[in-house]
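Q: Before I ask anything, here is the structure I am working with.
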Amino acid sequence: MTLYDNFDFKPLVVLHFSSTTPDETKNWVIKRLIARQDEDDGADLLVRYDTDPESHNDILLIGATLDRLLLGAEELRIKKPYKNDTLHEFLISDIHNFKNSENLDNFLLKSEKQVIIWDEIQNVRPMQHEHTVPGVPTKSITPNNDTILGLLRDLDFVISVFPLHDKEAIKLMEHDWFMSTHSFFKSQDIHKIRNYFGENVAYYFAFLEFYTKALIPTSILGFLVSIWPGSEFLKYSLFCIFNVIWWSIFMEQWKRLSNKLAYQWGSYDFKVFERPRSLYYGDLQLSPITNQPERVYPRWKRILKKYLVTYPVVMCCLALSLWIYFGYYRIQIKTNNNYPLDSSLFSIHAKLMRTMPSAGYSLLIIPMNLIYKKIATYLTDYENHRLQTGYENNLTSKLFVFYFINCFIGLFYEGFFNVNYGNVVQLLISLVILNAIFLKFTEQIGPYVLKRIKRNQLTEGKPQIGQVSDAVKQAKTLISFDGTYGDYLTIFEQYGYVALFSAVFPWIAICALINNIFELRADAFKYCHVYQRPFAQRAWNIGSWRYAFDILSSIAIVTNTALIAMQPSVREYFSSYTDAEYFLIFVAAEHILLALKFAISFAIPSTPAEVQIAKNKHLYESHQALRLERERRTLKAQVSIKKH
């Protein structure tokens, strides 16, 4: 037993070593984590092995002293509420002015404590005199360039690093969030979600709920349009115009809500000097900002990688997606010819056979999306972006392009080139229903069943499940959290179907609404009981996804207008006009709707009035405090001069 095994502390973070990690390497990592900052430039954390025999000394429990956590909160500029209910960046010297400062043990949220520890783990480095990894003499070290975590990942010595779930906190949350019947009819307590998971996850659930509520008017109108016996031109024109206006209002109202939440959480106008990503590499150069040696990767190399590798690979993926679609299209045409529809008893069989190609194509799209997500992640890693924001923006843009082509190309082709709305509806139904079923099994049901199997294997032969520690159970039975990208992509795909093609199939909004009511609770269950707890991330909106949804809203104007124009019944309504005049009418209508969208964006301010007032008040109080401080210093200087 070593010195660090004797620490008695409450663990907050788990580092899970792989079974191939040498003991010498583990000991080296522990020494760097517990080394003091002022002496050995260590992380100054508390560390011990999990004592459960099932851990095999591969589970490292990490915590920190209260003083270390408070210092980390100041370094990370965490905002906490003042006693006058305003938010301020935490300063140890000013701690008595903050709420709950009398109870320092609970002053910081557990999620904040875990982020502080995570920041230290990511940035702790080898000592200057160390040139190889202990236990792996073939792995060289560049002390100013390499991080401990980066070296472990390069050697595949770390399986995961994650914050521990708090069972008591989850019990308090889950009843009102997704476990009770009445949770289906009430809004989420988004602030509780933020306090536990951080802003990044909270924004996802806030957006999903806001979008689900926005589907209600569209669903009601879509239902009325479907059963209303009136003119098809009037019905679908009304529905199209409503959709354009409603989804424009939806995006602007979401901006207002996200800004309101950002202000309440202290991340509005949040500007902070970002540290480079732990996986970022480059040559050491003196930074003009910090005047310290920092890694620098030439911009021309990144551009070269994009043009010579990323863009060609993306184009090949898009070409493959098109090739697969046209392969499906040929099969669909052949199937339709082999199974013509008639009034015979074989009509049901013919309809079933005609839906098989679209069902197969819909199922093929799902693994293609997953494969491309991995390719996009690999390419973005390969480009070596310095900051996390740049990394996320580039990854989102790649995912947007591919998902747009892969998910919507068939619908565009059937709607605008073949003008076969029956095939559009058939494809939409297959895509929405099969995708929903597949995701439920792959994201919630399947992983939960697998978790139960692993849990039973861990506790086999043990009379009480409590004998296996929480750290071991979470490390070995829960799935590593890989971000909210997959969840946003699911909403993005569904939003595209609703916004772009609901003019052809109004029932799609109803299908989306029903799915999302259950998806909201299923995702909540997944985050609490299937995923390892994610580290809380600061965020002030949904990131680059807001641009992706905004772009879809603009494209929806073009597609909805074109789909209405191409309806035979609508052309018949304008039969007195020539083709050229008919075309110009709908081009004018499209431009009017685009102008209306921009007018709505201009008319609805993105910042709520109460937030703007609070900002101005805070600015006024800051100026007043600065003026008083200057007056105090001036008076003190005058008194000092008179004494002399």
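Q: Say whether the condition of being in a strand (DSSP E or B), aliphatic (A, V, I, L, M), over 28 Å from the mean Cα position of the chain (by Cα) and over 24 Å from residue 621 (Cα atoms) is met by at least one residue in the stretch 41-51. So that I can check it myself, show each step before the final result.
A: Of the stretch 41-51, the ones in a strand (DSSP E or B) are 46-49.
Imposing the further condition that a residue be aliphatic (A, V, I, L, M) reduces the set to 46-47.
Now narrow it down to the ones that are over 28 Å from the mean Cα position of the chain (by Cα): 46-47.
Cutting the leftovers down to over 24 Å from residue 621 (Cα atoms) gives us 46-47.
Yes: the stretch 41-51 contains one or more residues that are in a strand (DSSP E or B), aliphatic (A, V, I, L, M), over 28 Å from the mean Cα position of the chain (by Cα) and over 24 Å from residue 621 (Cα atoms).
Q: Quick one: which of 220, 216, 227, 190 is over 27 Å from the mean Cα position of the chain (by Cα) and modelled with pLDDT of 90 or more?
A: Values: 216 fails: over 27 Å from the mean Cα position of the chain (by Cα); 227 fails: modelled with pLDDT of 90 or more; 190 fails: over 27 Å from the mean Cα position of the chain (by Cα).
When all the criteria are applied, what remains is 220.
Q: Among the candidates 590, 621, which residue alone is outside any loop (DSSP other than H, G, I, E, B), more than 26 Å from residue 213 (Cα to Cα) and not assigned by TED's automatic domain parsing to the domain that holds residue 442?
A: Matching residue, one of 590, 621: 621.
Q: With respect to residue 547, is the statement that it is of a type in the set (Phe, Trp, Tyr) and over 30 Å from residue 491 (Cβ atoms) true?
A: Working: of a type in the set (Phe, Trp, Tyr): yes; over 30 Å from residue 491 (Cβ atoms): no.
The answer is no for residue 547.
Q: For the stretch 305-329, enumerate the residues that are surrounded by fewer than 11 Cβ atoms within 10 Å (Cβ to Cβ) and either assigned to a loop (DSSP other than H, G, I, E, B) or over 29 Å from the mean Cα position of the chain (by Cα) (or both).
A: Selection gives 323 alone.
Q: For residue 616, are the conditions met, namely being over 30 Å from residue 395 (Cα atoms) and not charged (D, E, K, R)? Walk me through it before giving the result.
A: On the way: over 30 Å from residue 395 (Cα atoms): yes; not charged (D, E, K, R): yes.
When the stated conditions are applied, residue 616 passes them.
Q: Is it the case that some residue within the stretch 413-420 is crowded, with 21+ Cβ neighbours inside 10 Å, farther than 24 Å from residue 519 by Cα and in contact with a Ser or Thr (Cβ under 8 Å, 6 or more places away or on another chain)? Full working, then the answer.
A: Step one: of the stretch 413-420, the residues crowded, with 21+ Cβ neighbours inside 10 Å are 414-415.
Still in the running and farther than 24 Å from residue 519 by Cα: 414-415.
After this cut, where a residue has to be in contact with a Ser or Thr (Cβ under 8 Å, 6 or more places away or on another chain) as well, the list is 415.
Among the residues of the stretch 413-420, at least one is crowded, with 21+ Cβ neighbours inside 10 Å, farther than 24 Å from residue 519 by Cα and in contact with a Ser or Thr (Cβ under 8 Å, 6 or more places away or on another chain), which makes the answer yes.
Q: Ok, one more. Could you please find all residues in the stretch 283-304 being assigned to a loop (DSSP other than H, G, I, E, B), modelled with pLDDT of 75 or more and touching a Pro at 6+ places or on another chain (Cβ under 8 Å)? Let's see the steps before the verdict.
A: So in the stretch 283-304, the residues assigned to a loop (DSSP other than H, G, I, E, B) come out as 287-292, 297-298.
When the remaining residues are screened for being modelled with pLDDT of 75 or more, the result is 297-298.
If the condition is that a residue be assigned to a loop (DSSP other than H, G, I, E, B), modelled with pLDDT of 75 or more and touching a Pro at 6+ places or on another chain (Cβ under 8 Å), then no residue fits.
Q: So which residues in the stretch 136-182 are aromatic (Phe, Trp, Tyr) and in a helix (DSSP H, G or I), if there are any at all?
A: 177, 178
Q: Okay, moving on. Identify, please: which residue in the stretch 80-107 is within 30 Å of the chain's Cα centre (by Cα) and polar (S, T, N, Q) and is, among those, nearest to residue 620 (Cα to Cα)?
A: 86
Q: Could I ask something else about it? In this structure, is residue 458 at pLDDT below 85 and either acidic (Asp, Glu) or within 30 Å of residue 395 (Cβ to Cβ) (or both)?
A: Working: at pLDDT below 85: yes; either acidic (Asp, Glu) or within 30 Å of residue 395 (Cβ to Cβ) (or both): no.
For residue 458, the condition - at pLDDT below 85 and either acidic (Asp, Glu) or within 30 Å of residue 395 (Cβ to Cβ) (or both) - is not met.
Q: Quick one: residue 123 ticks every box in (1) within 18 Å of residue 77 (Cα to Cα); (2) at pLDDT 90 or above bar one, so which box is it?
A: Condition not satisfied by residue 123: (2).
Q: Quick check, is residue 75 surrounded by fewer than 13 Cβ atoms within 10 Å (Cβ to Cβ) and either assigned by TED's automatic domain parsing to the domain that holds residue 197 or within 28 Å of the chain's Cα centre (by Cα) (or both)? Even if it seems obvious, please write down each step before you answer.
A: Working: surrounded by fewer than 13 Cβ atoms within 10 Å (Cβ to Cβ): yes; either assigned by TED's automatic domain parsing to the domain that holds residue 197 or within 28 Å of the chain's Cα centre (by Cα) (or both): yes.
Yes, satisfied.
Q: Let me ask you something else. For the stretch 284-304, indicate whether the set of residues that are within 30 Å of the chain's Cα centre (by Cα) and of a type in the set (S, T, N, Q) is non-empty.
A: Start the filter on the stretch 284-304 by keeping residues that are within 30 Å of the chain's Cα centre (by Cα), which leaves 294-304.
After this cut, where a residue has to be of a type in the set (S, T, N, Q) as well, the list is none.
Scanning the stretch 284-304 turns up no residue that is within 30 Å of the chain's Cα centre (by Cα) and of a type in the set (S, T, N, Q).
Q: Is it true that some residue in the stretch 351-358 is among the β-branched types (Val, Ile, Thr) and at pLDDT 85 or above?
A: Keep residues of the stretch 351-358 that are among the β-branched types (Val, Ile, Thr), which gives 355.
Applying the additional criterion that residues be at pLDDT 85 or above yields none.
Taking every residue of the stretch 351-358 in turn, none turns out to be among the β-branched types (Val, Ile, Thr) and at pLDDT 85 or above.
Q: Out of (1) outside any helix (DSSP H, G or I); (2) surrounded by 21 or more Cβ atoms within 10 Å (Cβ to Cβ), what's the single condition that is false for residue 203?
A: Residue 203 satisfies all of (1) outside any helix (DSSP H, G or I); (2) surrounded by 21 or more Cβ atoms within 10 Å (Cβ to Cβ) except (1).
Q: Is there a residue being closer than 29 Å to residue 517 by Cβ, crowded, with 17+ Cβ neighbours inside 10 Å, of a type in the set (A, V, I, L, M, F, W, C) and touching a strand residue (DSSP E or B) at 6+ places or on another chain (Cβ under 8 Å) anywhere in the stretch 437-450?
A: Taking every residue of the stretch 437-450 in turn, none turns out to be closer than 29 Å to residue 517 by Cβ, crowded, with 17+ Cβ neighbours inside 10 Å, of a type in the set (A, V, I, L, M, F, W, C) and touching a strand residue (DSSP E or B) at 6+ places or on another chain (Cβ under 8 Å).
Q: Could you grab the pairs with beta carbons closer than 8 Å, sequence gap of 6+ or different chains, first residue in the stretch 365-394 and closer than 13 Å to residue 489 by Cβ, second one assigned to a helix (DSSP H, G or I) and polar (S, T, N, Q)?
A: 365/406; 365/435; 366/435; 368/321; 368/406; 369/406; 372/406
Q: Scanning the stretch 99-140 for residues that are in contact with a strand residue (DSSP E or B) (Cβ under 6 Å, 6 or more places away or on another chain) and crowded, with 18+ Cβ neighbours inside 10 Å, which turns out farthest from residue 66 (Cα to Cα)?
A: 133
The values are calculated or read from the model by the stated rules, or taken from the named source; none is laboratory data. Source: prediction; values computed, not measured. Neighbour counts are summed over all protein chains in view; Cβ atoms, including those assigned to glycine, are modelled from backbone coordinates with ideal geometry.
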